[in-house]
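Just so it is clear, none of the values below were taken in a lab; they were calculated from the coordinates. Owing to the predicted nature of the structure, the values given are computational and were not obtained by experimental measurement. Every residue, glycine as well, gets a Cβ built from its backbone with ideal geometry; the counts of neighbours run over all protein chains shown.
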Amino acid sequence: MKTTINYKLFPVLLIVIFMATTCMLAEACRPPSIEILSPKNIIYATDSVPLIFTVDKVTSWIGYTLDGQTNATISGNKTLTNLEDGVHYVVVYANDTAGRMGASDTVSFSVDTKPPNITNVRQFPRKDNVLPEDEVKVNATVTDDVSGVKRVILFYAYANGSGTWIRTASMTNLEGNIWNATIPKFPYCTNVTYTITAEDNIGNIITTVEMGYDIQYHVIPEFPSFLILPLFMIATLLAVIVYRKKCSKKL
């Protein structure tokens, strides 16, 4: 039995062999492909972030650069430590056994370990001039340079002859970094103490107590106490004068 060879297929076989050989050579000659799995493009609430990556070829050397610094040699995954608050970026490099270098995409991420900053806490009327008919407007400057301010809450406690209570009020962002809330009016001789709590978008929280603020006021009568006695004496004197004038007319 004779085997028939179809010579028309030779060009096709040659093309297939050529393409396969070319692909194998191209695969062998390309540099390593690197993918960073961690960190991701998010904000971390810690100054230690794992650096995890994959490399698709056998390597003779691996390194990374953080924030454009000099390459540091590593043997595999590691943890980036002592990161300052703010934005960072990292790139991983690798050489294959033939010395061809590959690089990962640049990954940007942020670190936010500090809570917001509360400054310029002010109230109107001032704490030494709050009358029974006065609502108290409280303003504060609250900033967070990395993740931003999520919410600000005013806690206030008040005590007078009828008891002691604690209340909360969400502060409103008026404009820029200014936050505001209103404490309702209270009767004469009420003692009021308040604190402000601020939280950023990554969950860091701080209160004015931690920052050393001692914010309180006392609701005073409409006339300061040192004026009450003189006013009473003047009123009494005027009443006596009027009474004597009436009596003198009758006589």
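A P(r) calculated from all alpha carbon pairs of segment 21-178, with 5 Å bins opening at zero, reads 2, 7, 12, 13, 10, 8, 7, 7, 6, 6, 5, 5, 4, 3, 2, 1, 1, 0, 0 percent. The spread of Cα positions in segment 117-222, taken along each principal axis and listed from longest to shortest, comes to 46, 24, 21 Å.
On the basis of the beta-carbon distance and an R0 of 30 Å, Asn77 and Asn201 show a calculated FRET efficiency of 0.60.
Label-to-label distance, Thr46 versus Val209, with points set 7 angstrom from Cα along the beta-carbon direction: 2.8 nm. Peptides 40-50, 182-192 ranked from most to least packed give 182-192, 40-50, packing being the mean of other C-beta atoms within 10 angstrom over each peptide's residues. Segment 117-137 and segment 35-52 have Cα centres spaced 44 Å apart. Placing pseudo-labels 7 Å out from each Cα toward the beta carbon at Thr65 and Lys137 gives an inter-label distance of 5.3 nm.
Rounded to two decimals, the Cα radius of gyration of segment 30-111 over 2.2 N^0.38 Å is 1.07. Can you pull out the trypsin sites (Lys or Arg not before Pro) in segment 85-172 whose DSSP state is coil and whose Cβ has at most 10 other Cβ atoms within 10 Å? When the trypsin sites (Lys or Arg not before Pro) of segment 85-172 are filtered for loop state and at most 10 Cβ neighbours within 10 Å, Arg126 remain.
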